[in-house]
Amino acid sequence: MILTMACVFLGASIAISSQPDISIPILLLALTGALLAHISVNTLNEYFDFKSGLDSITIKTPFSGGSGALPQHPDNANMVFYIGIFSLLLTTLIGCFFLSHCGLRLLPIGLIGIGLILTYTQYINKRPIICLLTPGVGFGILMVVGTQFVLTGEYLAKSFVIGVIPFLLANNLLLLNQYPDIQADAQIGRNHFPIAYGFNLSNFIYGLFTLLTMLIITANVLIGYLPSQSWIALTPMPLACVALYGAIKHKECIGKHPLYLASNVAVVVSIPLLLSIAILL
C-alpha cells in the first residue's frame, strides 16, 4: 500500500509543478481509487492462490509467498473473494466519476487498470514478459499518469517520462520477490520470468532496470526536466546493489535472507517519494 501512495504522490507532485491550485478532494479520491485497485488485485490473487493449492506448498517469507492468512483460516476464502470484487466495483465507480469529470481521454487508463486486476493471477502470471512488465505499468504508468491527469485535465509529457522511473522499480520489486516462490509457482502452472528464463537473465534484467533508473534520473536532472535537488533520489541506489548481490549469491534461497528483499523494497518505495519531494520543493 505504501508504494501505491508513493506513486500517487509522485503524480500529484508533477501536477502541482504545472498547476499549483489542485483540488485536494480530487487527489484524495484518486488515492482512494488507487488503493482500492491495489486491494482488489491483492485479495483476488490471495483467493486464487489459495484455491489453486499454491499457498499449501509455498514457503512464506516477509516479502513473498502470500500472507498465509487463508491456509490458517480457510473459511474466510469467500469473504476474501468478495472483498476483491467489491474493491474492484468501487474502483470502477470512482473511475466512472473521473470519466464524467475529465472526459473519455481517461478511458484507456481505466480499461487497462481493470484488465490488469482481472487477469493478473489467472493469465498474466503465465506470460513471462507480460508478467515482468505488468507491475510497472500499474504503478509507474497508470497511477502516476492517471493521478496527474485527473488533477490537471490533460496529459503532461513529464508524467510519462518520470513515470518510467517507478515503472522500472516496480518491475524489479515483483521480479525479485518471485525468486523464493519459483518451485512452488512452477508446480501450479505459473510461468513468470525467473521460471521461463532462469536466475542469470533475471539478475541481468534487475541490474539493467536499476541502471536505467539511475540514467533516467541523471539525464533528466542534467537537461533540466527534473529539478537539481532530484539528485537526492539516487541516494537509495546502493541498496539496489545490495539486493542484486543477494539475488546473485542466493537465487531461490534469497527468501532466507530477508535483508536483500527488504533492501529492494526500500529502494522501490523511497525513490518515488524522494522525487516527489524534490519536485515539490
Surface accessible to a 1.4 Å probe, Glu46 within the full protein complex, Å²: 30
Integer Hz, Karplus 6.51/-1.76/1.60 couplings in order for the stretch 29-39, x for Gly and Pro: 5, 4, 5, 4, x, 5, 5, 5, 4, 5, 4
Å² of accessible area per residue within the stretch 192-241, as computed with a 1.4 Å probe and no ligands counted: 48
Vicinal HN-Hα couplings computed from phi for the stretch 45-54 (Karplus, 6.51 cos²θ - 1.76 cosθ + 1.60; Hz; Gly/Pro x): 5, 4, 5, 5, 5, 5, 5, 6, x, 4
The chain - Rg (one decimal) and Dmax (whole number), Cα, Å: 18.6, 56
Size of electric dipole in the stretch 88-203: Cβ of Lys, Arg +1 and of Asp, Glu -1, about Cα centre, debye, nearest 20: 140
Distance from the stretch 46-114 to the stretch 134-180 (C-alpha centre basis), Å: 18
Table column - 3J(HN,Hα) (Hz), the stretch 84-98, Karplus curve with 6.51, -1.76, 1.60, x for Gly and Pro: x, 5, 5, 5, 5, 5, 5, 4, 5, 4, 5, x, 5, 4, 5
Computed P(r) (all Cα pairs; the stretch 1-72; 10 Å bins; percent): 18, 35, 22, 17, 8, 0
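The values are calculated or read from the model by the stated rules, or taken from the named source; none is laboratory data. Just so it is clear, the model here is predicted, and its values are computed rather than measured. Cβ atoms come from the backbone with ideal geometry, glycine included; neighbour counts cover every protein chain shown. Quick note on the areas: whole protein, heavy atoms, side chains included, nothing else; ligands and nucleic acids left out. Shrake-Rupley method; radii C 1.70, N 1.55, O 1.52, S 1.80 Å.
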